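Working notes for the structure below.
The values are calculated or read from the model by the stated rules, or taken from the named source; none is laboratory data. All values reported here derive from a predicted model rather than from experimental measurement. Cβ placement follows ideal geometry from the backbone for every residue including glycine, while neighbour counts extend to all protein chains displayed. Note: accessible area is taken over every heavy atom of the protein model, side chains too, but ligands, DNA and RNA are not part of it. Shrake-Rupley method; radii C 1.70, N 1.55, O 1.52, S 1.80 Å.
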Amino acid sequence: MNNIQSTTAEQIIAEISQVIAHVPQESISKLATLLVNSQRIFVTGEGRSGFMAKSFAMRLMHLGADSHVIGETVTPALASGDLLIAVSGSGTTKSAIWTTDKAKELGCSIVAVTTDESSPLGILADMILHIPAATKYRREGEAASIQPLGSLFDQCTHVLLDAVCLAYGQLQQVQHDDVFAKHSNVE
């Protein structure tokens, strides 16, 4: 049993590594710079993609950014000049498209995190963080995966958005103690 678990974990890590190797470092740097130049950052996504978006917003908050999650009860109204980051593997998630379309109407900049640059979400975006990973649809051009549904996309999204956070923190000269000071102290 241990051998099977070890092999499976190694296969998952290999899949993640293969996908990440196809994402240019410039995309990470460009998104980090966009974050630095944004006053307020909003994220949206559904399902596991939504969890990746929420995780990203949380880490940005730890790094000192004014970040929010669409749909939460304490989320302020979007306004012109805000940045919306929409996460959808397929780029066809209706709620993400609707939110993105509305944000664009309000004058927000849009970043799509997706596998499909020509998707409805990709078309609405000002910038795309293209992650060529498998989604639940297993479309042409997506990386093969032993994992179910969009697990590979979600894992790669988490790792790449953490890389964006690291680059953002470096640009903002945020130190570990600064981040730790913003971490929850009531857990």
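I'm checking my understanding of the structure. Among residues of the range 43-66 that are hydrophobic (A, V, I, L, M, F, W, C) and in a helix (DSSP H, G or I), which one is most open to solvent (accessible area, probe 1.4 Å)? Full working, then the answer.
Kept after step one, since they are hydrophobic (A, V, I, L, M, F, W, C), are these residues of the range 43-66: 43, 51-53, 56-58, 60-61, 63, 65.
This time we only want the ones that are in a helix (DSSP H, G or I), so: 51-53, 56-58, 60-61.
Working: F51: 130, M52: 36, A53: 2, F56: 6, A57: 6, M58: 105, L60: 0, M61: 74 Å².
Filtering first and then ranking leaves F51.
Applying the condition of being of a type in the set (S, T, Y) and crowded, with 24+ Cβ neighbours inside 10 Å to the range 107-143 and asking which residue is modelled with the highest pLDDT yields T114. Selection of the range 80-106 for residues being part of a loop (DSSP other than H, G, I, E, B) and open to solvent by 40 Å² or more (accessible area, probe 1.4 Å) yields S80, G81, T92, T93, L106. Any residue at all in the range 89-106 that's more than 21 Å from D154 (Cβ to Cβ), small (G, A, S) and either more than 16 Å from the chain's Cα centre (by Cα) or modelled with pLDDT of 95 or more (or both)? Yes, some residue in the range 89-106 is more than 21 Å from D154 (Cβ to Cβ), small (G, A, S) and either more than 16 Å from the chain's Cα centre (by Cα) or modelled with pLDDT of 95 or more (or both).
Within the range 148-165, at least one residue is in contact with a helix residue (DSSP H, G or I) (Cβ under 6 Å, 6 or more places away or on another chain), of a type in the set (V, I, T), closer than 24 Å to Q25 by Cβ and open to solvent by less than 50 Å² (accessible area, probe 1.4 Å). With respect to G122, determine if the residue is out of contact with any Phe, Trp or Tyr (no Cβ under 9 Å at 6 or more places or on another chain) and not in a loop (DSSP other than H, G, I, E, B). Yes: the conditions hold for G122.
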